[in-house]
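**Student:** Okay, handing you the structure first.
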Amino acid sequence: MKIGFFTDSYFPEIDGVTYTIKHWREKLERNGHEVYVVYPDGDYDPGDREIAVPSIPNPFYSGYRIPLFVRTSKLPDLDVVHCHGPASVGILGRLYAWRQDIPAVYTHHTPIEEYFPQSVHSELVGSALASAYVPWENSLLGSFDAVTASTERIDRDVDHVQLPVGIDLDFFEPTDEDWYPEQTVVGYSGRISGEKNVDEIVELAEQRSDRTFVIVGEGPCRSKLERRAPDNVEFRDFLPREDLPTFYSSIDVFVTASTADTLGLSTLEANACGTPVAATDVAPFTSTIEAENGVRFEYEDLDAMGEAVEACLAEERDTRAAVQEYAISNTLERLEDLYQEVTLASETTSEPAGTRKFPERDHS
């Protein structure tokens, strides 16, 4: 099967969407499929079956780019389109599927409305943009043959298939190497941006001088947080992927105050490496973080956050066993089934692309 991944987020930027696409592509190609990735051009040299779309820098969100349209006639022949974002490249994929009358699948990765206030530097304007954006995205998602999301709640008015993006349990596992053998370390890895609320981790470090905090990542809020951070906080750039299992295994607890994750991939990767997670008591963590793999705390309650961290440190947990259900092998098996289902539906109906829906089946 020839599959087209259309994404507005790709290398050299590092985020959950980028790595999800990379891992899904690797697994699908190992299973005999051809996967093409259509993405915004930038400081990255495309490899085989990677198609760069002309783009310009995003003035509202540092590090990302705004892709421009290309003619669909320049794209390869595909059997199914899989869009990973609602911006220009995602819309290009939807347009291509419509013109070629082939099935189109959408994966909801990011609640983009959460990013508006920091992008425009105004809560009022950000809220107004969000109130207009969500209905528009609902309409867009409604045009796809199938929509997937990592958890049962995506805050969109569409039926969806629950399909976690998945973690590679063969890669993310406890390591013998320990970077911090003499310290009790509270760690975080991910984007350092407004919706991730990394400032709350820095505030906790100011109160807990007896703990070492290591914050790994890059983003628009990093320089400001570095300037105010106490001496017990170490900032590190994004780590090479091969170093992540060692980092996760070396820290004693992973903490996140994010309110904008759709799965929280890094939290589950830490769990797979044997490390408990302290996370905000909001979706998706209300589904993914339980007593077996961590502790949740009330959002914006710094005392509760500190108590959750200490509770994670105080008790042994078999965190790896708790995340077996999120294995990427399970995800890819379900994804291949989904591709077959939408393809079969397109072959057995005369309805045009964008109006047909594949027969419902339990993918939980």
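The values are calculated or read from the model by the stated rules, or taken from the named source; none is laboratory data. Since the model is a prediction, treat every value here as computed from it, not as a measurement. Every residue, glycine as well, gets a Cβ built from its backbone with ideal geometry; the counts of neighbours run over all protein chains shown. The protein model used for the area step is the full one, side chains on, heavy atoms only, and it has no ligands, DNA or RNA in it. Shrake-Rupley method; radii C 1.70, N 1.55, O 1.52, S 1.80 Å.
**Student:** For the chain, set up a Gaussian network in which alpha carbons nearer than 10 Å are linked by springs, and say which option among ASP176, ASP303, ASP168 fluctuates the most.
**Tutor:** Greatest mean-square fluctuation among the candidates belongs to ASP176.
**Student:** So what's the gap between the Cα centers of segment 81-114 and segment 263-329, to the nearest angstrom?
**Tutor:** 31
**Student:** Another question, if that's okay. Positive end of the charge dipole of the chain (Lys, Arg +1 and Asp, Glu -1 on Cβ, about the Cα centre): tell me which of VAL185, TYR36, VAL216 has its Cα farthest that way.
**Tutor:** Positive-end residue among those listed: TYR36.
**Student:** Around PRO230, what is the net charge, scoring Lys/Arg as +1 and Asp/Glu as -1 over all other residues with Cβ under 15 Å from its Cβ?
**Tutor:** Local net charge: -3.
**Student:** Another question, if that's okay. Rounded to the nearest percent, how much of the accessible area of the chain (1.4 Å probe, protein heavy atoms only) is carbon and sulfur?
**Tutor:** 46
**Student:** With the Cα gyration tensor of segment 74-226 in hand, give its eigenvalues times 5 under a square root as the equivalent ellipsoid semi-axes, listed largest first in whole angstrom.
**Tutor:** Three semi-axes, in Å: 37, 23, 13.
**Student:** Right, something else. Using a Gaussian network model on the chain with a 10 Å cutoff between Cα atoms, which of ASN138, ASN197, ASN271 fluctuates the most?
**Tutor:** So, out of ASN138, ASN197, ASN271, the one fluctuating most is ASN138.
**Student:** So, one more: Find out how many positive minus negative residues lie around THR7, taking Lys and Arg as positive, Asp and Glu as negative, among other residues whose Cβ is under 11 Å from that of THR7.
**Tutor:** Spelling it out: positives minus negatives among the neighbours equals -2.
**Student:** Within the chain, what is the number of lysine pairs with alpha carbons under 21 Å apart, leaving out pairs fewer than eight places apart on the same chain?
**Tutor:** Counting lysine pairs in the chain gives 5.
**Student:** Send over a whole-number figure in Å² for the accessible area per residue of segment 312-351, probe 1.4 Å.
**Tutor:** 55
**Student:** To the nearest µm²/s, what D does Stokes-Einstein give for segment 164-206 at 25 °C and 0.890 mPa s, using the Kirkwood radius over alpha carbon pairs as Rh?
**Tutor:** Once the numbers are plugged in, D ends up at 181 µm²/s.
**Student:** Per residue, how many Å² of accessible area does segment 178-261 show with a 1.4 Å probe?
**Tutor:** Here the residues of segment 178-261 average 39 Å² of exposed surface.
**Student:** Report the residue, chosen from PRO174, PRO40, PRO135, that carries the largest GNM mean-square fluctuation when the chain is represented by alpha-carbon nodes joined by springs under 10 Å.
**Tutor:** Fluctuation is largest for PRO135.
**Student:** Could I ask something else about it? Based on Cα coordinates alone, diagonalise the gyration tensor for segment 134-180, multiply each eigenvalue by 5, take square roots, and list the semi-axes in whole Å, largest first.
**Tutor:** In descending order, the three semi-axes are 36, 12, 8 Å.
**Student:** Once you sort the root eigenvalues of the Cα gyration tensor of the chain as a ≥ b ≥ c, which label holds: rounded (a/c under 1.5), prolate (a/b larger than b/c) or oblate (the other case)?
**Tutor:** It is prolate, given that a/c is not under 1.5 and a/b is the larger ratio.
**Student:** Shifting gears a bit: Could you work out the local net charge near THR184, counting Lys and Arg as +1, Asp and Glu as -1, over the other residues with Cβ closer than 14 Å to its Cβ?
**Tutor:** Net charge in that neighbourhood comes out at -4.
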